[in-house]
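Single-structure report; data block below.
The values are calculated or read from the model by the stated rules, or taken from the named source; none is laboratory data. The structure presented is a predicted model; accordingly, all values stated were derived computationally and were not measured. Cβ placement follows ideal geometry from the backbone for every residue including glycine, while neighbour counts extend to all protein chains displayed. Just so you know, the surface numbers come from the protein's heavy atoms only, side chains and all, with ligands and any DNA or RNA stripped out. Shrake-Rupley method; radii C 1.70, N 1.55, O 1.52, S 1.80 Å.
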Amino acid sequence: MKEYKGLMVFAEQREGRIHPISYELLGKGKEIADRLGVELSSVLLGHQMEEEAKELIYYGADKVFLYDHPAFKDFDLLNYKHNIARLVREVKPEIFLFGATRLGRSLGPRVAVALDTGLTADCTGLDLDEDGNLIQIRPAFTGNILAHIKTATRPQMSTIRYKVMQKKVRDANRRGEIIKKDAELVPSLLTIKKKEKLGGVNIAEADVIVSGGRGLKKAEDFGILAALAELLGGVVGSSRPLVDDGWIGKEHQVGFSGNTVKPKLYVACGISGSPQHLAGMRDSDVIIAINSDPSAPIFKLADYGIVGDLYEVVPRLTNEIKGRRAG
Amino acid sequence: MLKIVVPIKQVPDIGRVKFDTEKGRVDRTSAPAEINPFDLNALEAAVQIKDKLGGTITTISMGPPQAESALKDALSRGADEAVLLVDREFAGADTLATSYTLASAIRKLGGFDLIICGEKTVDGDTGQVGPEIAEHLGIPHVAYVSKVEEVGEKITVVCDMEGDRYLIESGFPMLITVSKDINTPRLPTFSDKLKARKAKVEIWTAADLSSIADQARFGSQGSATAVRKVVVPSEEARKGKIFRGIVDEEVGGIIDALEEGRILEGIK
Ligand SMILES: Cc1cc2nc3c(=O)[nH]c(=O)nc-3n(C[C@H](O)[C@H](O)[C@H](O)COP(=O)(O)OP(=O)(O)OC[C@H]3O[C@@H](n4cnc5c(N)ncnc54)[C@H](O)[C@@H]3O)c2cc1C
Ligand SMILES: Nc1ncnc2c1ncn2[C@@H]1O[C@H](COP(=O)(O)O)[C@@H](O)[C@H]1O
């Protein structure tokens, strides 16, 4: 186990742009690497991304292993896995982190099994024990509990939830090394026939989310929430039942079987606060709940709550904010 | 004719299960057990393919003896055969050991074309077991499948990844994990249930896998990760200021509070 040293981060890219989760991983990775007194490296697979690779250094990487190949432009599961596993066998980092995006959660398990090591899913916290072993903290049981997990094998691997770790301030004077690696290609077996951008919101990126639940009486009433959301530069979210009923697209769904979000402000309107809904938004910076039932569980999680009819409260809120801004 | 395998897990009803805040434990006896909801989507996806093209569906579960009831439930929902992997040796498995054990059992079943897993379980909540089974078996997989577009010589599926939608084609054998958006699972009829009650669930122990698997890789012994501590998060950390009464006062009060906390400031 001693031969494993250092911390490595998978740098995720889409269309040649590095996904922000990668910088968050470097931020946390740097903190842990410093505590251990080891090096922080990153692995990037893509095509013609040398300029972008420098960004990883500016955000904390000491070394970047760069695989440049046209085949790596898009997510190629088996080739990504094959080359990352090869690199890990060569470099032997003691800790390896993926972002818990859908890509990371699809790729991570393959790499872990290829290396015969453990993988801890969707962590929201990382720490070290007194012996320098990684403590991986993650929600389980639909967010009802937090488990502290240790890994006996090396590398200690985890996927880390988006938006919970802090990235460092970009420092364009930071120096590091970009090491170009030769790709070894295997049959990819999966063919991407078509790729499209889904229209509509990317709720995971929103700073403000105004969500509606079964307290809404009809689909059109999402407009009331949209007015407030728009005023605050945010987007509309939803609990699951309204998505299931086709009132709003699934890209708006917050919760265990929808999106996990962490906005600066989450406004829950007519949402009771089921464990499955809370699992998707409990880490929001500030939570406001509007519900006519004072015993609704959502109030237990809220920073601010209004007991009342959302049809009265939300429009007033919108008007009041408008009024104060004008005045 | 496709041979489809659907791994399912029996889980507690999350809405009702109780958590011991002091001991940080889950009281599994406090709630009835059911099939993991996402696994119902996996099973339904299998049944829809079978309805169109024919074939067989084998459902498989690793768990305690009580999990037999989940497999009977699966039989009533359209599975043709069911295998329960039950042994003390399997207990305490993390995803690495679970996926190894399930992959070994799938090998023992003989040939297969398609494995369909749920997106994740409501208790383990990792979504790792599916992709890990695929790696153990050396077959490709597509995760987060929201639609099966076409099945023939090959399979084409739709996979949604945060704002990007991919149409992906693969040959067989392969594995997919499905999200709840793929379908609405149908309910078993009364006669389906009756038939399933009489159907046989095959029971395999560690010994039954001994010719093809390394027993040291089962259960806690074969696990790489271990839970060292469990805490029930307290919600006390939140301010919890509740306004009630006259709407105007509530609204004014809450915005005052937001302004005081400089919450709206950074927003826009
Ligand atoms: C496997 C699984 C996954 C799931 N995943 C998700 C998920 O991802 N996201 C999710 O949200 N749910 C999910 N659910 C469903 C979840 O269990 C709840 O059923 C759901 O969250 C409830 O939605 P709700 O709060 O909108 O509705 P309800 O629980 O019916 O609550 C409606 C609330 O509105 C209030 N209300 C009514 N009228 C008014 C009014 N005029 N003004 C103000 N308040 C009013 C009521 O007091 C009540 O509290 C999942 C369930 C399962 C089993
Ligand atoms: N013990 C098990 N037995 C059978 N299938 C399982 C088991 N655990 C997980 N699975 C399958 O793997 C999927 C993902 O589970 P998980 O990785 O626990 O979130 C589930 O939806 C099931 O299809």
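A few notes on this one:
- Checking A:64, A:88 one by one, the residue that is among the hydrophobic types (A, V, I, L, M, F, W, C), touching an Asp or Glu at 6+ places or on another chain (Cβ under 9 Å) and in contact (Cβ under 8 Å) with a residue 60 or more places away in the chain is A:64 and no other.
- In the stretch A:89-113, residue farthest from residue A:158 (Cα to Cα) [restricted to those that are more than 12 Å from chain B (Cβ to nearest Cβ) and among the hydrophobic types (A, V, I, L, M, F, W, C)]: A:91
- Residue B:78 vs. criteria assigned to a loop (DSSP other than H, G, I, E, B), touching a Lys or Arg at 6+ places or on another chain (Cβ under 9 Å) and away from ligand 1 (no atom under 16 Å from the Cβ): yes
- Those strands (runs of 3 or more DSSP E) of the stretch A:1-105 in which at least 1 residues are acidic (Asp, Glu), considering only elements entirely within it, cover A:63-68.
- Selection count, the stretch A:113-136, where residues are hydroxyl-bearing (Ser, Thr, Tyr) and open to solvent by less than 20 Å² (accessible area, probe 1.4 Å): 2
- The set of residues from the stretch B:213-229 being basic (Lys, Arg) and either more than 11 Å from chain A (Cβ to nearest Cβ) or farther than 19 Å from residue B:86 by Cβ (or both) comprises B:228, B:229.
- Checklist (1) in contact with a strand residue (DSSP E or B) (Cβ under 8 Å, 6 or more places away or on another chain); (2) touching a residue at least 40 places away in the same chain (Cβ under 8 Å); (3) more than 8 Å from chain B (Cβ to nearest Cβ) applied to residue A:187, failing item: (1)
- Tally, over the stretch A:283-327, of residues that are assigned to a helix (DSSP H, G or I), in contact (Cβ under 8 Å) with a residue 60 or more places away in the chain and farther than 10 Å from residue A:269 by Cα: 5
- Among the conditions (1) of a type in the set (A, V, I, L, M); (2) touching a Lys or Arg at 6+ places or on another chain (Cβ under 8 Å); (3) within 11 Å of chain A (Cβ to nearest Cβ); (4) surrounded by fewer than 15 Cβ atoms within 10 Å (Cβ to Cβ), residue B:246 misses just one, which is (2).
- Being more than 26 Å from residue A:20 (Cβ to Cβ), within 16 Å of ligand 1 (Cβ to nearest atom) and touching a helix residue (DSSP H, G or I) at 6+ places or on another chain (Cβ under 7 Å) is a property that holds for residue A:228.
- Any hit, the stretch B:11-29, residues being assigned to a helix (DSSP H, G or I) and open to solvent by less than 50 Å² (accessible area, probe 1.4 Å): no
- Close Cβ contacts (under 8 Å, 6 or more residues apart or on different chains) running from residues in the stretch B:164-189 that are more than 7 Å from chain A (Cβ to nearest Cβ) to residues that are basic (Lys, Arg) and not in a loop (DSSP other than H, G, I, E, B) comprise B:182/B:147.
- Residue satisfying all of: in the stretch A:65-88; of a type in the set (A, V, I, L, M, F, W, C) and away from chain B (no Cβ under 13 Å); nearest to residue A:46 (Cα to Cα) among these: A:72
One line per residue, one yes/no per condition, for (1) at positive phi; (2) aromatic (Phe, Trp, Tyr); (3) at pLDDT 95 or above:
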residue: A:210; (1), (2), (3): no, no, yes
residue: A:247; (1), (2), (3): no, yes, yes
residue: A:255; (1), (2), (3): yes, no, yes
residue: A:258; (1), (2), (3): no, no, no
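- All positions within the stretch B:179-229 that are of a type in the set (A, V, I, L, M, F, W, C), open to solvent by 50 Å² or more (accessible area, probe 1.4 Å), at pLDDT below 95 and farther than 20 Å from residue B:96 by Cβ: B:187, B:190, B:194
- Conditions (1) free of Cβ contacts under 8 Å to residues at least 40 places away in the same chain; (2) crowded, with 20+ Cβ neighbours inside 10 Å; (3) farther than 23 Å from residue A:258 by Cα; number of the one not met by residue B:57: (1)
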